[in-house]
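Step one of this worksheet: look at the structure below.
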Amino acid sequence: MKYNNKIVAIKTFAILFYVNDWIQSLESEEKRREEYLEEKKKSKETSFFDIARKYTDHKKKLRKMDKLLEEWQPRKFENGYEHFTIKDGTPEANAIKFLECIKKGNFGTPVSLYFENIFGKVSVKEKAGLFRKEYEDITLDSYSITKIDDKGASVTHVYISMVYSLDGVCKNKELVFRMIYEKQGEVENRLIEGGEWKIVNIEGIIDQLKS
């Protein structure tokens, strides 16, 4: 081979550059492989620690729930409900809130009382339209609490005596509001702050009125 030939020399240099790039490529590939394996190892370690942390957090929550269950006691209403003062943040307050909104023709606010754990996120416009249609033939005249039954740390049944008109006909009936304490879509003990009382049978109230 005549290396003093310019064409041959150019081809030789091209081959040398190719071989050099190929060697660097192999070294780079090995480096990338090592980086991938290292990242995979870290990922496994992170996953393990995440699982361990979640398990620990879950155990802590269970211990806290057990403690709160021991602390919680159902309320006693020894003086009855005739002169009973309704306090904000209680299940009976939200049951009355629902009726007051319906009576005033406010059909949007009651949508916030939907139980998210069952119904998920609901459309205010859609549900408000549903309430408007369902209650258009009903006029609420008066209502009063007849009984409050704290079934558990997260559940209360509120019984309300209703006087109302359906298609112009006066009626008197006792309704049951099944209330449940919810925080961020999860059922919680009522002793935990930041939750809200929701109406589990919110779509069944109209059936009680019309039955």
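Just so it is clear, none of the values below were taken in a lab; they were calculated from the coordinates. Keep in mind it's a predicted model, so treat the numbers as computed, not measured. Quick reminder, even Gly has a Cβ in these numbers, built from the backbone with ideal geometry, and neighbours come from all protein chains shown.
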(message) Using 23 Å as the Cα-Cα cut-off, could you pick out the over-long pairs in Lys103/Lys125; Lys97/Lys133; Lys64/Lys97; Lys147/Lys210; Lys76/Lys121; Lys103/Lys173?
(response) Lys64/Lys97; Lys76/Lys121
(message) Using Cα-Cα distances under 8 Å and only pairs 6 or more residues apart, what relative contact order does the range 73-155 have, in percent?
(response) 38
(request) With r as the distance between the Cβ atoms of Lys76 and Ser142 and R0 = 22 Å, compute the FRET efficiency 1/(1 + (r/R0)^6) and round to 0.05. (result) 0.25
(request) Name the long-range amide H neighbours of Leu191: under 5 Å, sequence gap of 5 or more, or other chain; modelled H, no Pro or chain starts. (result) none
(request) Would you work out which of Leu191, Asn201, Asn172 lies farthest towards the positive end of the dipole of the range 157-204? Charges go on Cβ: Lys and Arg +1, Asp and Glu -1. (result) Asn172
(message) Could you sort the peptides 192-202, 120-130, 141-151 by per-residue average Cβ neighbour count (10 Å cutoff), highest mean leading?
(response) 192-202, 141-151, 120-130
(message) What percentages make up the Cα-Cα pair-distance distribution of the range 108-211 when the bins are 10 Å wide from 0?
(response) 14, 41, 34, 10, 0
(request) Provide the gained length on full extension for the span Lys60 to Glu196, in nm with one decimal, where the gain is 0.36 nm per separating residue minus the Cα-Cα distance. (result) 46.7 nm
(request) Determine, for each peptide in 62-69, 103-110, 73-80, the mean count of other beta carbons within 10 angstrom over its residues, then list the peptides with the highest first. (result) 103-110, 62-69, 73-80
(message) For a distance above 17 Å, tell me the whole-number percent of Cα pairs in the range 79-118 that qualify.
(response) 41
(request) Rounded to whole Hz and in sequence order, give me ³J(HN,Hα) for the range 105-116 from the Karplus expression 6.51 cos²θ - 1.76 cosθ + 1.60, θ = phi - 60°, writing x for Gly and Pro. (result) x, 8, 9, x, 4, x, 4, 5, 8, 5, 7, 5
